[in-house]
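The values are calculated or read from the model by the stated rules, or taken from the named source; none is laboratory data. Remember, it's a predicted structure, so these values are computed and weren't measured experimentally. Here the Cβ positions follow ideal geometry from the backbone for every residue, glycine too, while neighbour counts run over all protein chains shown. Keep in mind that these areas ignore ligands, DNA and RNA; they rest on the heavy atoms of the full protein, side chains included. Shrake-Rupley method; radii C 1.70, N 1.55, O 1.52, S 1.80 Å.
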Amino acid sequence: MISRHSTRRPGITTMELVIAFGLLALGALFATQLGLDVLQERLRATERLVAIETVDNALEAARALPWAELTPEWAAKQKLPPDVASQLRDARFQVQVAPEADKPGLKRVTVLLPWKHADGTEARAVSLTTLLADRQRGGDQ
Amino acid sequence: MTLSPRRAGFSLLEAVVCMFGLGVAMAAGILLLSTTLKANRLSDQGMTLVRSRSELADQFRADVARARATPQQRDSFQRGPDCLILARDDRSAVVYQFRDGKLTRHDLGPNNATRRDYPIGGDHSTIRFEEGPLVRLKIEDRPPTGLPRSLEIAAALGGDRR
């Protein structure tokens, strides 16, 4: 079949070029964002591990105390370790010791640690509670 | 219908420009793919590290809670900043030792001994132990780039045997 050739030479229009480069730029943007998201998630997971272990350490410190020294005054003196404070932005460390209302041989220790992510958003706070018993007086009797 | 005496085609310059454009597009595609794969690998490494440290914390607290003392020596192990010996009531012991960038947990039973290595994060991480009413394992990461970070795991010796 014989066809008639156009007088205009076939080629790529500016619009096609713009679309192609736009797609490439979108892909590059997507990959960059993905990389940043991964780094951010990794940082957040590390922060959360530090927060959980810090709260757990406070509960262990309470556990290691003699029963008579496990008081609200002790709780009020608890401070965030400096190296943790430098890793968790705006961290507020709260330790509470309270006797159980209906069980005099039990004390409830609650540790709360809220902090902020690097971008300023509030992280999901870590909170752990344990009940410690005066075993010399018969535990939770 | 009329035919041109010469068939229309691409000039050498057009072919070169076209191939160059294809090369640029392929390079960009490869870069995108490798960036995505690298991000995926970083994510995996980070999650594995967090998981293994969390597992180490659970194991360490359980071992310290079951121990009754931290003796100076057990077999060939000597207590120090890089070695912690946890003796149990049944004459068995657990030893945590940090050597050559590796943390190893030795479980020394009455009749047999087992060991397990814990990945702690690489050449830029160090571990030291501190003893007192609380036994502490402290991991310090000092990467060549970025901020130093640390993780402390504390446990009450003897657990609830207050």
Can you name the number of the only condition in (1) open to solvent by 60 Å² or more (accessible area, probe 1.4 Å); (2) closer than 19 Å to residue A:50 by Cβ; (3) of a type outside the set (Ser, Thr, Tyr) that residue B:121 fails? (1)
Condition test on residue B:36, is it more than 10 Å from chain A (Cβ to nearest Cβ), farther than 19 Å from residue B:131 by Cβ and open to solvent by less than 100 Å² (accessible area, probe 1.4 Å)? no
Given (1) more than 23 Å from the chain's Cα centre (by Cα); (2) open to solvent by less than 20 Å² (accessible area, probe 1.4 Å), identify the lone condition not met by residue A:11. (2)
In the stretch A:30-49, which residues are farther than 19 Å from residue B:137 by Cα and either touching a residue at least 24 places away in the same chain (Cβ under 8 Å) or open to solvent by 50 Å² or more (accessible area, probe 1.4 Å) (or both)? A:30, A:32, A:33, A:34, A:36, A:37, A:39, A:40, A:41, A:42, A:43, A:44
Checking residue B:65 against (1) within 14 Å of chain A (Cβ to nearest Cβ); (2) touching a Phe, Trp or Tyr at 6+ places or on another chain (Cβ under 6 Å): exactly one of these is not met. Which one? (2)
Report, ordered by the first and then the second residue, all pairs with beta carbons closer than 7 Å, sequence separation of six or more or different chains, a first member in the stretch B:45-63 that is at pLDDT 90 or above, and a second member that is assigned to a helix (DSSP H, G or I) and hydrophobic (A, V, I, L, M, F, W, C). B:53/A:49; B:54/A:49
Could you check residue B:17 against (1) over 32 Å from the mean Cα position of the chain (by Cα); (2) under 30 Å from residue A:33 (Cα atoms); (3) modelled with pLDDT of 85 or more and say which number it fails? (2)
Among (1) more than 9 Å from chain B (Cβ to nearest Cβ); (2) in contact (Cβ under 8 Å) with a residue 60 or more places away in the chain; (3) not polar (S, T, N, Q), where does residue A:52 come up short? (1)
Name the residues in the stretch B:114-145 that are among the charged types (D, E, K, R), in contact with a strand residue (DSSP E or B) (Cβ under 8 Å, 6 or more places away or on another chain) and assigned to a loop (DSSP other than H, G, I, E, B), would you? B:131, B:142
Members of the stretch B:134-162 found to be under 16 Å from the mean Cα position of the chain (by Cα) and of a type outside the set (A, V, I, L, M), listed by number: B:138, B:140, B:141, B:142, B:143, B:144, B:148, B:149, B:150, B:152
Would you call residue A:83 under 30 Å from residue B:65 (Cα atoms), of a type in the set (Asp, Glu) and touching a strand residue (DSSP E or B) at 6+ places or on another chain (Cβ under 8 Å)? yes
From A:58, A:75, A:68, which residue is more than 10 Å from chain B (Cβ to nearest Cβ) and modelled with pLDDT of 90 or more? A:75
Is it the case, given these coordinates, that residue A:53 is part of a helix (DSSP H, G or I) and closer than 29 Å to residue A:125 by Cα? yes
